[in-house]
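Notes for the one structure printed next.
Nothing in this text is a laboratory measurement; each read-out follows from the coordinates by a stated rule. On a predicted model such as this, the values are computed, not experimentally measured, just so you know. Neighbour counts run over all protein chains shown; Cβ positions are idealised from the backbone, glycine included.
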Amino acid sequence: MIVPRRAALRSLFALAVTAFTGGALARIAGTPPSGREPVDPAAFDPAAFDEMYAGRHIQGRTGPSGAPVVLVDGRPLHLMRCADGGYVSPLDHYESCPTPLAATRAAVDAAGPAPLTRYAAVHGAHPGGSPRGVHA
């Protein structure tokens, strides 16, 4: 069966139009509306913070599970929820703070100039010294 020339040209034209339209729509969908900046998802997180405190860069946001995710100088700091609704960290386990930001600041105050160890990111036993999650 021989395909008529007209049918072959019609098919090629339809294919070209489809490819061009798909490429143009993909480019339009990937750009923000004119005059607007891309929306930062952290802007809608009331618990998010990113600041310098006592010479340390502290960052926090709400994680996927709803628990706060906190970094001190790029290292994770584990926060635990208390029965009273506050937060404590392995570095400052005795004072319940009302917000993750306050608990992070209290942990930085407790650590002083010492850098955090990997044990500040977990709760429980701290093998081999460094009982509070800081290098002495």
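Of note:
- Amide proton proximity set for Tyr87, modelled H, under 5 Å, gap of 5+: Cys82, Cys97, Thr99
- For the pair Phe44 and Ala102 in one chain, pulling the backbone fully straight at 0.36 nm per residue adds 18.9 nm over the alpha carbon distance.
- Ordering of 71-83, 4-16 by packing [mean C-beta count within 10 Å, highest first]: 71-83, 4-16
- Taking label points 7 Å from Cα along the Cα-to-Cβ direction, Ala7 and Thr21 give a separation of 2.2 nm.
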